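What follows is a short report on a single structure.
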Amino acid sequence: MKTRSAKLIEASLPDFGEPVFEPVLGKDIYIPRMTALRARMRDQGYDAVVIYGDREHVGNICWATGFDPRFEEAILIVSPLTRPHLLLGNECYPYSETASGIFTPVLWPPLSLMGQPRQGTRPLLELLVDAGLKRDMRIGLAGWKGYEDVEGSMDGNWLEAPHYLVEELKKFGQVTNAAMLFMSPKDGLRAINEADQLARFEFAACRTSNAVKRVIHAARPGISEYVLCRNLGFDGFPLSIHVSMCSGPRAKYGLPSPSARTIEYGDPIVVGTGLVGALNCRAGFLVASENDLPPPIGDYVDKLVRPYFEAAVAWYETIGIGVTGGELYDTVMSRLGDPFFGVGLNPGHLIHLEEWLHSPIRKGSIQKLRSGMALQCDIIPATNTPYFTSNIEDGIALADEALRTEIANRFPEMWSRVERRRAFMIEVLGISLKPEVLPFSNIPAWLPPFWLSPGRFLAMK
């Protein structure tokens, strides 16, 4: 049996296009979600669930209501017999009419920005009673995360929400962290997505991946990072992260925003951008070939990029329905476990409205991947050496035959792109994909190490 290995090839990355049709989530999505939430509340022994959200922590409250706070915070109270009440500030109260979820909007001015009118403010305690809270309840409070030990067990007393809210809720009974109700990689309500939500994620992924591709093709010495980032070409779709784009000495950190620095020939360079539901990132050197690298790192491809790409290929070929997170972790780390690679974070995770929901992909994990999951290939070497890094961050979904049929029938435009991406990965890059693996990125596993030669990228041969 011949050993497969990665090699640089010269080929064209197909233009997979951008969607014409924008998937929109309507009441037919949010009614079943609220039904599922109430059922899960009963199963977990909660009498009520309260969700806190703000601009940076929008996922749980938006999943339940379709409402994403702007400028202000918001509080959703879900009790057994009352229509969910959504507490809102001055600006979000009228804006909430744009959301498709099922809730009663309630104006509570303290959620507004400082200095805005507070007339007519009722005590929070009264509003919580109106929303159905009673004494001696067991209340789940979902902020944006909780404290987990090394084995993944949640400390229910670790509450990610404002102190004033916690203190008021404690007047009704026991309050514990309920974030895992939504975010658990094992059975969280947001871990499994409807076809409509996946179509929405793919819609975003087309934009993020095309943006990264445009930046790589436009990169050249002598322009500033700001000028290069104009090629992202955003059209107003909501961002999930600050743009990460940096070159030269700051590139090793990965996360800095662009600056007025002039990009120089030979620079290490990285770009990452995320919209709600998708993120893509790539890194390399601003040169035309390995011959232009400094002699100490002339073996950049052989020492770092080739084994990195082979590990990413193994990730794509292993992932599938029923695969455990531990298997996927071992598949990657058996190739990149050497300290030189410096892979310290999970080699992949669940992605949702935020860039990172949770991750079943960790050492020893027995959590099985399931149909409906949206996952990110996110393997980050941090060599902390002149070799810098290499990077493929792209999103996929797992879909069983029934879900694939639904997507193909209801979202044929999306399905066509998925099929063409799969064909590129299989036929050009040499990556064997299981039928349930649906690539959402328009640069699927495309890894050009030298940004001035984007037509040279890695493939299995």
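Just so you know, all these numbers are worked out from the coordinates, no wet-lab data involved. What you are looking at is a predicted structure, and each value in this text was computed from that prediction instead of being measured. Neighbour counts run over all protein chains shown; Cβ positions are idealised from the backbone, glycine included.
FRET efficiency for the pair residue 324 and residue 3, taken as 1/(1 + (r/R0)^6) with r the Cβ-Cβ distance and R0 = 35 Å, rounds to 0.85. Here's how it looks for residue 394: its modeled amide H is under 5 Å from those of 377, which are all 5 or more places away or on a different chain.
Only helices enter this figure: runs of n ≥ 4 DSSP H residues, each worth -39500 (n - 2.57), summed and divided by the residues of the chain, yield -8000 deg cm²/dmol at 222 nm to the nearest 500. Need one word for segment 201-360: rounded, prolate or oblate. Basis is the Cα gyration tensor (sqrt eigenvalues a ≥ b ≥ c); a/c below 1.5 gives rounded, then a/b vs b/c decides. Judged from the Cα gyration tensor, segment 201-360 comes out oblate (a/c at least 1.5, b/c at or above a/b). Between residue 104 and 85, 86, the built amide H atoms are under 5 Å apart, and every one of these is 5 or more places off in sequence or on another chain. Once the other residues with Cβ under 11 Å from the Cβ of residue 214 are scored (Lys, Arg +1; Asp, Glu -1), what is the net sum? With Lys, Arg at +1 and Asp, Glu at -1, the net is +3. The Cβ shell under 14 Å around residue 299 holds other residues with a net charge of -1, Lys and Arg each +1, Asp and Glu each -1. Along segment 352-357 the Karplus relation, 6.51 cos²θ - 1.76 cosθ + 1.60 evaluated at θ = phi - 60°, assigns HN-Hα couplings of 8, 5, 9, 5, 9, 7 Hz to successive residues, with x for each Gly and Pro.
In order along segment 335-347, phi translates into HN-Hα couplings of 9, 10, x, 4, x, 4, 6, x, 7, x, 9, 4, x Hz, rounded to whole numbers, per the Karplus curve 6.51 cos²θ - 1.76 cosθ + 1.60 with θ = phi - 60° and x for Gly and Pro. Using a cut-off of 18 Å between Cα atoms, the listed pairs 7/303; 134/171; 303/363; 145/186; 27/145 include 303/363; 27/145 as exceeding that distance. For residue 224, the amide hydrogen comes within under 5 Å of the amide hydrogens of 263, counting only partners 5 or more places away or on other chains and with H modelled in the peptide plane.
Listing 300, 164, 265, 95 from fewest to most neighbouring C-beta atoms within 10 Å gives 164, 265, 95, 300. Other residues lying with their Cβ under 10 Å from the Cβ of residue 173 contribute a combined charge of +3, Lys and Arg counting +1, Asp and Glu -1. Between the DSSP loop rule and a limit of at most 15 other Cβ atoms within 10 Å, which trypsin sites (Lys or Arg not before Pro) in segment 71-180 are left? Answer in residue order: 118, 134, 135, 171. With neighbours defined as other Cβ atoms within 10 Å of a residue's Cβ, the residues 250, 282 order from fewest to most as 250, 282. Is the C-alpha gyration tensor of segment 87-159 telling us rounded, prolate or oblate? Criteria: a/c under 1.5 is rounded; beyond that, a/b larger than b/c is prolate, otherwise oblate. Cα axes put segment 87-159 in the prolate bin. In terms of its C-alpha gyration tensor, segment 18-105 comes out oblate, because a/c is 1.5 or above while a/b does not outweigh b/c.
Applying the criteria of a DSSP loop state and at most 10 other Cβ atoms within 10 Å to the GluC sites (Glu not before Pro) of segment 44-142 yields 56.
Taking the Cα centre of segment 1-93 as origin and assigning +1 to Lys and Arg Cβ atoms and -1 to Asp and Glu Cβ atoms, the resulting dipole is close to 580 debye. In order along segment 52-60, the phi-based Karplus estimate (6.51 cos²θ - 1.76 cosθ + 1.60, θ = phi - 60°) of 3J(HN,Hα) comes to 9, x, 8, 4, 7, 10, 9, x, 5 Hz; Gly and Pro are listed as x. Cross-link reach is defined here as a Cα-Cα straight distance under 20 Å, omitting same-chain residues fewer than 8 places apart; for residue 434 the lysines meeting it are 368, 461. The distance separating the Cα centre of segment 288-312 from that of segment 170-196 comes to 43 Å. In the set (1) 41, 24, 21; (2) 99, 31, 19; (3) 37, 30, 21, which value of semi-axes √(5λ) of the Cα gyration tensor in Å was calculated from the structure you see? Here semi-axes √(5λ) of the Cα gyration tensor in Å agrees with entry (1). As a rough footprinting exposure proxy, the listed residues 366, 263, 102, 75 were ranked by other beta carbons within 10 Å of their own, and the order from fewest upward is 366, 102, 263, 75.
For segment 10-68, the set of chymotrypsin sites (Phe, Trp or Tyr not before Pro) satisfying both a DSSP loop assignment and a count of at most 15 other C-beta atoms within 10 Å is given as 21.
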